[in-house]
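J.: Below are the structure tokens for one structure; questions will follow.
Read-outs: derived from the displayed coordinates by stated rules, not from any lab. What you see is a predicted model; the values in this text were computed from it and never measured. Cβ: placed from backbone, ideal geometry, glycine included. Neighbour counts: every protein chain shown.
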Amino acid sequence: MPTRTARTAWNGGLEDGSGQVELSSSKVGTFDVSFPKRAADEAGGTTSPEELIAAAHSSCFAMQLSHLIAEAGGTPQSLEISEDVSLGPDPDGGFRLTGIKVTVRGEVEGLDAEGFAKAAQDAKATCPVSKALTGVEITVDAALEG
């Protein structure tokens, strides 16, 4: 299996510095990062580690969920996964990820709501990025549409 690479160049201190994260393997872009914008309610055109984690986890989750739906005898027509990754204070000092909320909506043939919810919970437990994030509470809200 391949290894993927990203690179960050940072200048300055935490509060006055800024940087750029480059998605090196895919070459799809370079994105600005800054701590003040990371900690603000409005991102102001910059990304953050939390947003990148949300992107990584939601895409991994979608792939794993589509696989598990098929294993359960269903056919995924469409899946919409959105994620909220929260940053907050760490009781031991500094910051930590305080939670990940996964919202899943899907159109699936051959599975009822209970089967879909089970597949979503199984995806949470088995997607490789979920496994990497075991130190963070992950909640899943899964529902069928249509």
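J.: Looking only at region 4-22, how many residues end up being part of a strand (DSSP E or B) and hydrophobic (A, V, I, L, M, F, W, C)? Give the steps one after another, and end with the answer.
T.: As a first pass, look at region 4-22 and keep what is part of a strand (DSSP E or B): 7-11, 18-22.
With the extra rule that they be hydrophobic (A, V, I, L, M, F, W, C), the set shrinks to 9-10, 21.
Result for region 4-22: 3.
J.: Could you tell me whether region 57-74 includes any residue that is of a type in the set (A, V, I, L, M, F, W, C) and part of a strand (DSSP E or B)?
T.: no
J.: If I ask for residues that are buried (at least 16 other Cβ atoms within 10 Å of the Cβ) and either more than 13 Å from Val108 (Cβ to Cβ) or touching a residue at least 40 places away in the same chain (Cβ under 8 Å) (or both), which ones from region 68-80 would you list?
T.: Across region 68-80, the qualifying residues are Leu68, Ile69, Gly74.
J.: Test Ser130 against the criterion of being on the phi < 0 side of the Ramachandran plot, more than 13 Å from the chain's Cα centre (by Cα) and among the hydroxyl-bearing types (Ser, Thr, Tyr), and give yes or no.
T.: Against the criterion (on the phi < 0 side of the Ramachandran plot, more than 13 Å from the chain's Cα centre (by Cα) and among the hydroxyl-bearing types (Ser, Thr, Tyr)), Ser130 does not qualify.
J.: Restricting the search to region 129-146, which residues are surrounded by 14 or more Cβ atoms within 10 Å (Cβ to Cβ) and either part of a helix (DSSP H, G or I) or among the acidic types (Asp, Glu) (or both)?
T.: Taking region 129-146 first, the residues surrounded by 14 or more Cβ atoms within 10 Å (Cβ to Cβ) are 129-130, 133, 136, 138, 140, 142, 144.
Matches in region 129-146: Val129, Ser130.
J.: Somewhere in region 95-103, is a residue more than 17 Å from Glu51 (Cα to Cα), in contact (Cβ under 8 Å) with a residue 24 or more places away in the chain and basic (Lys, Arg)?
T.: No: zero hits.
J.: Now, a different point. I'd like to verify a number: residues in region 23-56 that are under 15 Å from Glu80 (Cα atoms) and in a strand (DSSP E or B), how many? Can you show your working first?
T.: Kept after step one, since they are under 15 Å from Glu80 (Cα atoms), are these residues of region 23-56: 54-56.
Restricting the remaining residues to those that are in a strand (DSSP E or B) gives none.
Counting residues in region 23-56 that are under 15 Å from Glu80 (Cα atoms) and in a strand (DSSP E or B) gives 0.
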